[in-house]
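Worksheet: one structure, shown below.
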Amino acid sequence: MKSIKPGKATSFAGIIGSVILVIFGIAWTLLVISLFSQEDELGTPVFYFFVLFGIVFTGIGIASAVYNYRNTYSKNRYSLYDIVDSSEEKDAFHSSWDSTSAGKGTMNYCPHCGASLQQDFTFCPGCGKKL
C-alpha cells in the first residue's frame, strides 16, 4: 500500500524555520526585558505578558524543531507529503490502526478516506475508490 510521507527537504526547511522562531522568541524576550528595565516597569502585568509571549514563542519553535528533525532523519516518518511504497518505508502513523479482527474477516481501513472495510471489499463504501 502506498502512503504519503513528508519530504526530507520539506522537514529540513521546517527545522530552519523553527530555529528562526527560537531566535526570534529569545530576541523578543531579551528586548522586552531591556526596554522595561530602562523604564523601571519590570513588575507590571504588561511586562509579564510580553515576556510570556516570548517564552511561548520560543517553546513552540523548539517543539517544531524537534518534530521536523524526527521527520527528516527517522526511518518511520509521519505521513504527509511524499508517496512511498510500504516495501520502502512502513507507515508509522497507521501501523497500529491497520487491522483488527472482527466478524467475517479482517477489518481494514481505506487508504484514501479512512473508512472501515471488510477484507473482501473491492471498492470503498465511504469514498467509492477502488482498493
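Tabulated data for the structure shown
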{"quantity": "FRET efficiency, 1/(1 + (r/R0)^6) with R0 35 Å, evaluated for Gln38 and Val66 via beta carbons", "calculated": "0.50"}
{"quantity": "Amide H contacts under 5 Å for Ala115, placed H, 5+ residues apart", "calculated": "Cys110"}
{"quantity": "Theoretical FRET efficiency, 1/(1+(r/R0)^6), r = Cβ-Cβ of Val46 and Phe12, R0 25 Å, to 0.05", "calculated": "0.10"}
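We did not get these values from a lab; they are worked out from the coordinates using the rules stated. These numbers were taken from a predicted model, which means no experiment stands behind them. Note that we place each Cβ from the backbone using ideal geometry, even for glycine, and neighbour counts take in every protein chain shown.
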